[in-house]
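Structure, as structure tokens:
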Amino acid sequence: MHQRFNNLYDRDRWRRYGYSLTIVGVLCVVLAAIFESRKEEGVGQVWLISSALTLGLAISLWMRQRYSYARFDRGQLVFRYLTVTVRIDLVEVRRARIAKLAPAVHGRARTPKGLAGVDALVLQLRNPDTARLRRMLTRRCVFDEELVIPLAGAAVLQGQIEAALPPQRRAEASETHPNPNRSRRRNRRR
């Protein structure tokens, strides 16, 4: 079994809204039972419909945080959202790096406060199917030829990708993006 790396956007959404929606749904069921016992069936049915809607939304948030993940499988990155799967061949990946989420999406998307400092996997792709990726991963993650996804264990996944890249591709990636600290040292006068 390949290691899964959960999408932290979905986990954050469940933690912010899922519990409160579940509580509201249970309260609606209790109110529906009270009104049904008083023989006020019309009002009881309204509360039952409300409970079904809120509990359905809570279940969808729970399922999304549970079954929304990324993994590395036989030279492909697999992004899964419930029953939808998108595979990106490793040949399409120009560069994979780790960055903090807030600076990585600065000016392009809003970051939830709780996720600003988490590690995100930043992938630069060649010819991505951005429409399909945007539908599945949302606009928060897909920017032109770049994916920015906050993942639990993003550094481990990035290490798996780097290990699978041929040595010449690793060298190309490091040459196109030199270490910024090294370039500052070169230009410094004594």
Original post:
Given the conditions (1) in contact (Cβ under 8 Å) with a residue 12 or more places away in the chain; (2) surrounded by 13 or more Cβ atoms within 10 Å (Cβ to Cβ), and given that residue 75 satisfies all but one, which numbered condition is not satisfied?
Top reply: (2)
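Got a sec? Which of 116, 131 is among the aliphatic types (A, V, I, L, M), more than 27 Å from residue 162 (Cβ to Cβ) and modelled with pLDDT under 85?
Going through 116, 131 in turn, the sole match is 131.
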Original post:
What number of residues within the stretch 98-137 are part of a strand (DSSP E or B) and either aliphatic (A, V, I, L, M) or touching a residue at least 60 places away in the same chain (Cβ under 8 Å) (or both)?
Top reply: 7
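Which of the residues belonging to the stretch 131-158 are among the polar types (S, T, N, Q) and surrounded by fewer than 17 Cβ atoms within 10 Å (Cβ to Cβ)?
Pass one, the stretch 131-158, residues among the polar types (S, T, N, Q): 138, 158.
Passing the criteria: only 138.
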Original post:
Which residues, taken from the stretch 58-81, are more than 13 Å from residue 5 (Cβ to Cβ) and assigned to a strand (DSSP E or B)?
Top reply: 76, 81
Original post:
What are the pairs, 6+ residues apart or on separate chains, where a residue within the stretch 1-29 that is charged (D, E, K, R) has its Cβ under 6 Å from a residue that is surrounded by fewer than 16 Cβ atoms within 10 Å (Cβ to Cβ)?
Top reply: 12/114
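The values are calculated or read from the model by the stated rules, or taken from the named source; none is laboratory data. From a predicted model like this one, the values you see are computed outputs, not experimental measurements. For neighbour counting, all protein chains shown are included, and Cβ atoms are generated from backbone atoms with ideal geometry for every residue, glycine included.
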